Amino acid sequence: MPGRFLSSMQQPLWLSQRSSRWFTICVVSYSVFVDIFLYGVIVPVIPFAIQQRIGVPTGHVQYWVSTMLSVYGAALLIGSVIMGWTIDKLSNRKWLFLFGIAILGGSTLMLMLAKSIAIMLAARVLQGASSAETWVLSTVLLNDRLGTQDLGKGLGWVTLTRTIGVVIGPVLGGVIYARLSYYAVFGVALGFIAIDFVLRILLIETRVARKWDPSIEPPEDGAEKTTPRLSENYDKNRHKTILSAGEVEAAAAPVTAVSKCGRVFQFAQRVFPVLTLVSDTRVLVAAWGCFWQAAIISGFDAVVPIFVSQTFHWTSEGAGLIMLAIVIPSAISPVVGHFSDKHGPKWWAVTGYVLNTPPLILLRLVKHDSINQKILFAILLVLIGGFNSFLEIPLWVEVVARIEEKAKANANSVNYAESTNLGTTGPAHGIIMFCFALGVLVWPTLLGFLHKSIGWANMTLILGMINFISAIPTLLFTGGYLF
C-alpha cells in the first residue's frame, strides 16, 4: 500500500541530483561544518557574555565556562546512544534531520538572548543533543549512499570541512565580536544555520529516492543493500516447519544447556540489542581508537594552552594559534579516506599509531623558552596532527564494516534474530560517536590531572606508550585477524 501511494505521487524535482553521491556528501559535510563552526564561533564570546550580560564575577567565569563544556559533552554522549538506538527504526530520517537543525537554531537563539546561567546551560545541552543528531545521522546518510567500500572517501571530506570549521570558527567569532557586536556573531551563525536548513530540505535520502527511481543503485553489488533488521529477515515459524521433530529437539538442546551467565547475557541482548553488535574484538579495538582520538583532539586543548603559557609566556592568542598546528594537518583526511577504502584500514591505522609515537614522546624535550624550542614544539604538533589523521577514518569505517559483517554472518542465527531488533548502520555510528564523546569528557580532565601531578615530560611519555601499545591489537585484529 505505501509503495502504491508513493508511486502515484509526482516524482520530486531533480530527484537524481538531490539524491546523488556528490550532493549527499556536500549536504552532510556542510551540516558537520555548521555544527563545528557554531561550537567554535561562540567560544571567544561566552566568557564576555557571562561577565557583561549576566554579571558573573571574574573569579567564577572559568568555572562556568568549564561547566558549559561539560554539559555539552554529556548531552553529546547521551544523544549519541539514543540516536544510535533509534535511527534505524525510522522509515524516513529526513524529518529528524530537519528537527536537528531546528534544535541548533533554537539553542543559538537562546544563547544570543540569554540573561541567566540556567538558560545558557540549557542552550548548551540542546546544542550537544543537536551535535549528536547531526554527526550520527549525517554519517548514516553518507553510509547509505556510498556503502562501506567508499565510506572512507566521504568521511575524508566530512573531516576536511570539520577542520575548516574548527579553524575559522573561533577566529571569526573573536574578530566579529571585537569589531562589530555581540549580536553580529549570532547573526552570522544563524545565517549559516538557515543555509543548512535549506540544504537538508533539498536532500533526498537514498532509500527514499530508490522508491521512485529503482535505477539508483545501492552501494553494494548492484542489489538492494539492507542493513539487516533481523527480526524481519528471520521467520522462526517457517524455519521450524522445515525441520523434522528430531531436528527441532536437536536444535533446542543447546538452548537448555546455556549457563546462567549465558542466559543473563541473552536477556541483556534483548534489552540492550547493541550488545550483540559490540561483543566483538574488532569492534572493541576500533572503538578504543575512536576514544583515543579525543586525547589528541580535545585532551590537548586542556593542557597545551597551560603549557605554552608557563613555558613560553604566551597569551591566549598564541595558545589558540599553536593549536592550529594540530588541526590543519587533518586536511589530508580525504587522501587517507581514499587509500583506506582501496587498501583496507589495518595498515593505515597501524602506521598512524607507530608514526605518532615518536613525536608524542619527543614533546618532553620542549622545556624552556627559546626560538628553537618553539619551532620544535610546532613541528611536533604538526606531525601529531597529521599522523592522527591516519587513524580516524580507517577506524570509523572499521566499526561500520565489522558490525555489518557480523550482522550478515549471523543473519540465520535463532538467538541473534530473536535478540536483535535493530539495523546495523545507526548503532555503528552511534558507537563511534559515543566513544568519541566519552573521550571528550574523560581526556581533558585526565590529561589535566597528569600534567599537574607528574609534569609535562612524564605525561607525554605515558601518551606515547599508550599510543604504541594501541598499535598491537590494531595490527592483530583490524580488518581481520593478522594470522
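Since every read-out is calculated from the coordinates, none of them should be taken as a lab result. Small disclaimer: the values here were computed from a predicted structure and weren't measured. For neighbour counting, all protein chains shown are included, and Cβ atoms are generated from backbone atoms with ideal geometry for every residue, glycine included.
How do HIS429, HIS343 line up, fewest other C-beta atoms within 10 Å first?
By the 10 Å Cβ count, ascending, the order reads HIS343, HIS429.
Quick one: if you stick a label point 7 Å off each Cα along the C-beta vector at LEU190 and LEU98, how many nm between them?
2.1 nm
Computed FRET efficiency, Cβ-Cβ of ARG364 and THR315, R0 30 Å: what is it to the nearest 0.05?
That pair, ARG364 with THR315, gives E of 0.80.
Looking at segment 345-410, which trypsin sites (Lys or Arg not before Pro) are DSSP coil and have at most 13 other C-beta atoms within 10 Å of their C-beta?
Those that pass, being in a loop and sparsely packed, are LYS367.
Would you mind classifying segment 315-378 by shape? Square roots of the alpha carbon gyration tensor eigenvalues, ordered a ≥ b ≥ c; an a/c under 1.5 is rounded, otherwise it is prolate if a/b is larger than b/c and oblate if not.
In terms of gyration-tensor shape, oblate.
Ranking LEU141, LEU77 by Cβ neighbours within 10 Å, fewest first, what do you get?
The most exposed by this proxy come first: LEU77, LEU141.
Note down the relative contact order for segment 297-397 as a percent, whole number, built from C-alpha pairs under 8 angstrom at least six residues apart.
About 40 percent, as a whole number.
Using packing as a proxy for protection, rank 282-292, 300-310 so that the peptide with the highest average count of other Cβ atoms within 10 Å comes first.
Result, highest mean Cβ count within 10 Å first: 282-292, 300-310.
Testing the spin-label approximation: label points 7 Å from Cα along Cα→Cβ at ILE78 and SER66. State their distance in nm.
2.2 nm
Starting from the 7 Å offset along Cα-to-Cβ, what nm value, one decimal, do you get for the label separation of ASN372 and LEU461?
2.2 nm
Taking neighbour Cβ counts within 10 Å as the exposure measure, how do THR159, THR281, THR139 sort from fewest upward?
THR281, THR159, THR139
Would you kindly state how much longer the chain becomes between THR351 and GLN17 on full extension, computed as 0.36 nm times their sequence separation minus their alpha carbon distance, in nm to one decimal?
Here the answer is 116.5 nm.
Work out how much length LEU90 to PHE48 would gain on full extension: take 0.36 nm times their residue separation and subtract the Cα-Cα distance, in nm to one decimal.
Full extension from LEU90 to PHE48 adds 10.9 nm.
Compute the relative contact order of segment 15-211 as a whole-number percentage, counting only Cα pairs closer than 8 Å that sit 6 or more residues apart in sequence.
It rounds to 44 percent for segment 15-211.
Mind ranking 29-37, 100-108 by how tightly packed they are, going by the mean number of other C-beta atoms within 10 angstrom, highest first?
Those peptides, ordered most packed to least, come out 29-37, 100-108.
Given a Förster radius of 51 Å and the C-beta distance between ARG179 and GLN10 as r, what FRET efficiency does 1/(1 + (r/R0)^6) yield to the nearest 0.05?
The formula returns an efficiency of 0.55 here.
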